[in-house]
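A short worksheet on the structure shown next.
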Amino acid sequence: AQSVTQLDSHVSVSEGTPVLLRCNYSSSYSPSLFWYVQHPNKGLQLLLKYTSAATLVKGINGFEAEFKKSETSFHLTKPSAHMSDAAEYFCVVSPSGAGYKLSFGAGTTVTVRA
Amino acid sequence: NAGVTQTPKFQVLKTGQSMTLQCAQDMNHNSMYWYRQDPGMGLRLIYYSASEGTTDKGEVPNGYNVSRLNKREFSLRLESAAPSQTSVYFCASSEPPWRPNTEAFFGQGTRLTVV
């Protein structure tokens, strides 16, 4: 069985300050982990993925995430928030690295203050 | 460069009406999926098709049926819509799970309201 917990339902940051979105997972396997972003009224776009290569994963738009097996965490960070980062973010775990049986977190809504 | 295309984008149904949501992908993916998105619950898998000719139930299949028409197309049918099916529906596609380092690609979503 697998599950994902996003620890914050809502994060508010000022433009230019760091963003941290927290994600913990449980999985019976060595999972693949993803972060997706959803802008208002849009579909989901892949930000980055971890598939058992480097534990620090760099994604698009300056985002990165670190896989910590001992903490079962996959937190998403960005050094400097931009107004365009306002969106909903989903942490996702898969036992096999594909769309097959993805488990989604509940999502974290990010607002960026000018 | 269409990716995954869903139609319609918006739909309002009356309770008891039926409708079919259409999905097509042009990435030659073998696997396709239907999810629903509800506030505070992330996305939940309704049905999936690991390859052409096969379909399987996901987490929340009740009230839905699917058809994998060919490799490109995967439709979702609501036979008798209920207010509890008000949601945003996403279609996705990917390579099969035994292929490494792949991910799912999502459509733009269908916003369905059942009154």
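A few comments on the model shown:
- Within the range A:1-32, considering residues that are open to solvent by less than 40 Å² (accessible area, probe 1.4 Å) and within 11 Å of chain B (Cβ to nearest Cβ), the one modelled with the lowest pLDDT: A:32
- Residues that are assigned to a strand (DSSP E or B), surrounded by 14 or more Cβ atoms within 10 Å (Cβ to Cβ) and among the basic types (Lys, Arg) within the range B:42-76 comprise B:44, B:68, listed in sequence order.
- Beta carbons closer than 7 Å, at least 6 apart along the sequence or on distinct chains, pair a first residue in the range A:79-103 that is of a type in the set (A, V, I, L, M, F, W, C) with a second that is at pLDDT below 85 and surrounded by fewer than 18 Cβ atoms within 10 Å (Cβ to Cβ) for A:93/A:2; A:93/A:27; A:98/B:96; A:98/B:99.
- Residue match in the range A:33-42 (condition: among the β-branched types (Val, Ile, Thr) and more than 14 Å from chain B (Cβ to nearest Cβ)): no
- Lone unmet requirement of (1) open to solvent by less than 70 Å² (accessible area, probe 1.4 Å); (2) within 14 Å of chain A (Cβ to nearest Cβ); (3) not aliphatic (A, V, I, L, M) for residue B:39: (1)
- Some residue of the range B:93-100 being assigned to a loop (DSSP other than H, G, I, E, B) and among the aromatic types (Phe, Trp, Tyr): yes
- Here the range A:43-58 is the region considered, the condition is being over 15 Å from residue A:102 (Cβ atoms) and part of a loop (DSSP other than H, G, I, E, B), and the residue that is farthest from the other protein chains (Cβ to nearest Cβ) is A:55.
- Positions within the range B:9-21 being open to solvent by 80 Å² or more (accessible area, probe 1.4 Å) and assigned to a strand (DSSP E or B), in sequence order: B:10, B:12
- Residue count, the range A:34-84 (criterion: of a type in the set (Lys, Arg), surrounded by 15 or more Cβ atoms within 10 Å (Cβ to Cβ) and over 22 Å from residue B:106 (Cα atoms)): 1
The values are calculated or read from the model by the stated rules, or taken from the named source; none is laboratory data. Computed from a predicted model, the values in this text were never measured in an experiment. Note that each Cβ is placed from the backbone with ideal geometry, even for glycine, and that neighbours are counted across all protein chains shown. Each accessible area value is taken on the protein alone, full model and side chains, heavy atoms only, with ligands, DNA and RNA left out. Shrake-Rupley method; radii C 1.70, N 1.55, O 1.52, S 1.80 Å.
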